1. Quick check on residue 62: is it surrounded by 20 or more Cβ atoms within 10 Å (Cβ to Cβ), free of Cβ contacts under 8 Å to residues at least 40 places away in the same chain and in contact with a helix residue (DSSP H, G or I) (Cβ under 8 Å, 6 or more places away or on another chain)?
2. Any chance you could count how many residues in the range 15-46 are touching a strand residue (DSSP E or B) at 6+ places or on another chain (Cβ under 6 Å) and under 12 Å from residue 95 (Cα atoms)?
3. Out of (1) touching a residue at least 60 places away in the same chain (Cβ under 8 Å); (2) farther than 17 Å from residue 26 by Cα; (3) not in a loop (DSSP other than H, G, I, E, B), the odd one out for residue 117 is which?
4. I'd like to know if the range 15-30 contains one or more residues that are surrounded by 19 or more Cβ atoms within 10 Å (Cβ to Cβ) and at pLDDT below 95.
5. May I ask you to list the residues in the range 87-96 that are outside any helix (DSSP H, G or I), surrounded by fewer than 17 Cβ atoms within 10 Å (Cβ to Cβ) and in contact with a strand residue (DSSP E or B) (Cβ under 9 Å, 6 or more places away or on another chain)?
């Protein structure tokens, strides 16, 4: 699933994660940046990378949010490839969200990850305006109106 910032990707993915967890269990929802951060922290705690990745690779359902956000490193590409390969080889469903269209994933992760990610997915585009900014504008407008009414 991809679309502009604030269009509801994370909200939709989290809703799906809750549904899957309630109905089937074994669901892991995490931002891709959070996964990378967990791996980096593992270096300090001496927890092995494979032990950390196992949770993501073997989850019954994996939902990774914001897979293209700031992940333009060789390390991020290697992690994404490891997770994708394991899950693909074991026929485990995986859901992703990104702020960029699928063709830009190639620039973030390279050809191999792009092929595995986009070549095995159904792509859904979410559109619309940034809902967070719309809510904030409505709140500001309401507060301004209330302040005028009190004056």
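1. Taking the combined requirement at face value, the residue satisfies it.
2. 7
3. (1)
4. Checked against the condition, which is being surrounded by 19 or more Cβ atoms within 10 Å (Cβ to Cβ) and at pLDDT below 95, the range 15-30 yields no hits at all.
5. Hits for the range 87-96 are 92, 93.
The values are calculated or read from the model by the stated rules, or taken from the named source; none is laboratory data. Computed from a prediction, not measured in an experiment: that's the story for all the values here. Please note: Cβ atoms are built from the backbone with ideal geometry, for glycine as well, and neighbour counts cover all protein chains shown.
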